């Protein structure tokens, strides 16, 4: 008997958990986009300190805000999940590689964990309570 799969949520429970997962993943990116907009000069300086052209800041904000909203709505879920997983990996490798610093190690690990959550969402899709399902753009019965 496979006890792990006998516990797998189904139906409305699965749909609700996927909605919660999408909301939790989206929230951090929408918040970070707002933080960058609110402190644009500081965010530009932070990027510059790591050798990243501050002209890329609008792109970072667009990816975070647009991707976060897409994940929250479940619209283009798999595309947004793929993009944000990549964003997390790139962010970890550029900004959090001083792994001797406990704080930077924590941020590196969080970025990897969030990327993992997005990869799981890439596989599962947004669920039946997602715009993709309502628009008939994604099979709710994918793995």
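Residue-level check: of (1) without any contact (Cβ under 8 Å) to a residue 60 or more places away in the chain; (2) surrounded by 15 or more Cβ atoms within 10 Å (Cβ to Cβ); (3) in contact with a helix residue (DSSP H, G or I) (Cβ under 6 Å, 6 or more places away or on another chain), residue 48 misses just (2). Going by the structure shown, is residue 21 assigned to a helix (DSSP H, G or I), modelled with pLDDT of 95 or more and within 20 Å of residue 60 (Cα to Cα)? Here the answer is no, as residue 21 does not meet what is asked.
The values are calculated or read from the model by the stated rules, or taken from the named source; none is laboratory data. Only a predicted model underlies this, so the values are computations on that prediction, with no experimental measurement involved. Cβ: placed from backbone, ideal geometry, glycine included. Neighbour counts: every protein chain shown.
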